[in-house]
Amino acid sequence: MDELLEHFERTVERDQRIEPRDWMPEGYRKTLIRQIAQHAHSEIIGMQPEGAWITRAPSLRRKAILLAKVQDEAGHGLYLYAATETLGVDRSELTENLIEGKQKYSSIFNYPTPSFADVGVIGWLVDGAAICNQVPLCRTSYGPYARAMIRVCKEESFHQRQGYELLMTMMRGSKAQREMVQDSVNRWWWPSLMMFGPPDGDSPNTARSMAWRIKRHTNDELRQKFVDMSVPQAEKLGVTLPDPELKWNAEREHYDFGEPDWAELKRVISGDGACNAERVEHRRRAHEDGAWVREAALAHAAKKKGVAA
Ligand code: FAQ
């Protein structure tokens with residue numbers, strides 16, 4: 001046992017990958033299942049806020065882009081469920097956990113999308129935050145998760161750019177369109193900062209996950225990186241970020257910014273956000289409506305096996 005643990009620790013220290021058949025501490029396995037399942041659920045639930053605009057996109061071009069993006073999110077969810085399955089859990093069990101409220105998904109997807117500008121702002125800010133968080137995860141210590149992240153990040157970059165390009169177009173449009181963009185930025189800025197999780201002092205999992213190199217940066221480090229990246233982009237776009245404390249700190253060489261409302265994050269995580277019930281109910285209905293597809297696939301597989309035997 002000591003030898004196995006030593007081998008595991010040496011592999012992590014050398015920045016080599018732990019693979020599914022390698023021995024790993026039970027806590028490491030559990031942490032990975034928790035984080036990767038939460039990540040997969042976020043991708044799948046994350047299809048809903050923007051998906052609501054597919055039938056109402058203002059042009060064929062915008063509709064094609066949005067369809068492709070939402071389909072990519074389904075694909076990301078599937079890679080991530082597959083990565084979780086290498087740790088010995090079953091995807092159907094994870095889906096049950098999600099719809100029973102036993103596993104979390106990102107707080108950000110519990111906010112509504114009342115205007116088409118929200119599609120652009122989700123691309124710019126939400127995918128922007130996702131990229132900040134996920135690029136370092138390409139170097140996470142668990143091989144299947146790290147490899148899944150490489151493709152996910154490439155696709156997220158396209159998502160972020162399509163969002164920014166949509167906003168640029170709206171900002172060149174009418175006064176009403178510019179106001180729609182500003183209103184959307186006002187609603188999404190603080191929830192986007194909350195995507196990085198609670199502050200480090202209040203994050204029970206960070207220290208352990210950093211030691212195991214599952215996480216490569218702390219929540220606050222990534223949040224700062226996101227703020228530093230977003231401020232010049234907001235200036236170029238011509239929108240105001242809704243934080244009066246936001247200002248460049250020459251000494252730190254970073255932007256100072258205000259404190260997100262951590263009570264709101266806790267509320268949303270614990271199920272009391274604007275759209276939690278609706279998101280989970282939608283997922284439950286889709287899962288139930290899709291039961292016949294799963295049954296048909298199983299029956300087909302059994303029949304083929306019978307024929308082959
Ligand atoms: N929402 O100790 P920590 C996307 C939970 S991107 C909900 O700091 P940890 C792309 C946390 O799970 C979004 N729950 O936890 C896309 C823990 O709960 P537990 C998904 C949150 O794990 C874009 C507790 O609070 N990305 O989907 C949140 O070390 C556009 C204590 O927190 C990922 O999942 C939150 N915001 O750090 C799709 C990235 N924050 O289980 C569609 C991978 C914290 O102990 C459209 N995950 N919690 O009861 C991570 O990097 C980490 O898991 C963190 C949290 C940073 C999210």
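Values quoted throughout were computed directly from the atomic coordinates according to the rules given, and no laboratory measurement underlies them. Please read these numbers as outputs of a predicted model, since none were measured by experiment. Cβ atoms come from the backbone with ideal geometry, glycine included; neighbour counts cover every protein chain shown.
Brief remarks on what is shown
- Segment 55-103 - charge dipole about Cα centre, Lys and Arg +1 at Cβ, Asp and Glu -1, debye rounded to 20: 620 debye
- Intensity falloff of segment 1-48 expressed as log10 I(q)/I(0), Debye formula with alpha-carbon point scatterers, at q = 0.26 Å⁻¹: -0.96
- If only the Cβ of Lys and Arg carry +1 and only the Cβ of Asp and Glu carry -1, the dipole of segment 148-200 around its Cα centre is close to 220 debye.
- For segment 1-149: relative contact order, % (alpha-carbon pairs under 8 angstrom, 6 or more apart): 32 percent
- Rounded if a/c under 1.5, otherwise prolate or oblate - the chain, Cα gyration tensor axes: oblate
- Prolate/oblate/rounded label for segment 250-309 (Cα gyration tensor, a/c 1.5): oblate
- Each Cα pair under 8 Å and six or more residues apart adds its separation to the average, and for the chain the resulting relative contact order is 19 percent.
- Nonlocal amide H pairs with Y142, under 5 Å, H built at 1.01 Å: I18
- Partners for K236 among lysines (Cα-Cα distance below 19 Å; same-chain residues under 8 apart left out): K175, K225, K247
- Taking every C-alpha pair closer than 8 Å and separated by at least 6 residues, the mean separation divided by the residue count of segment 172-259 gives a relative contact order of 25 percent.
- For a label point 7 Å along the Cα-to-beta-carbon line of D220, residues of segment 234-265 with backbone N under 14 Å: 256-260
- Separation between Cα centres of segment 1-50 and segment 173-193, rounded to whole Å: 37 Å
- V89 versus D15: modelled label distance in nm, points set 7 Å from Cα along the beta carbon direction: 2.9 nm
- Rough spin-label spacing in nm, given labels placed 7 Å along Cα→Cβ, for R147 and K175: 5.7 nm
- Judged by the ratio a/c of the largest to the smallest principal axis of the C-alpha gyration tensor, segment 165-309 counts as prolate, that ratio being 1.5 or greater while a/b is larger than b/c.
- Which of A64, H7, Q48, positive extreme of dipole for the chain (C-beta unit charges): A64
- Cut-off 20 Å (backbone N to label point 7 Å along Cα→Cβ of E295), residues of segment 67-105: 92-93, 95-96
- Dipole of segment 131-185 computed with +1 at Lys/Arg Cβ and -1 at Asp/Glu Cβ about the Cα centre; of Q177, I150, G163, farthest Cα towards the positive end is I150.
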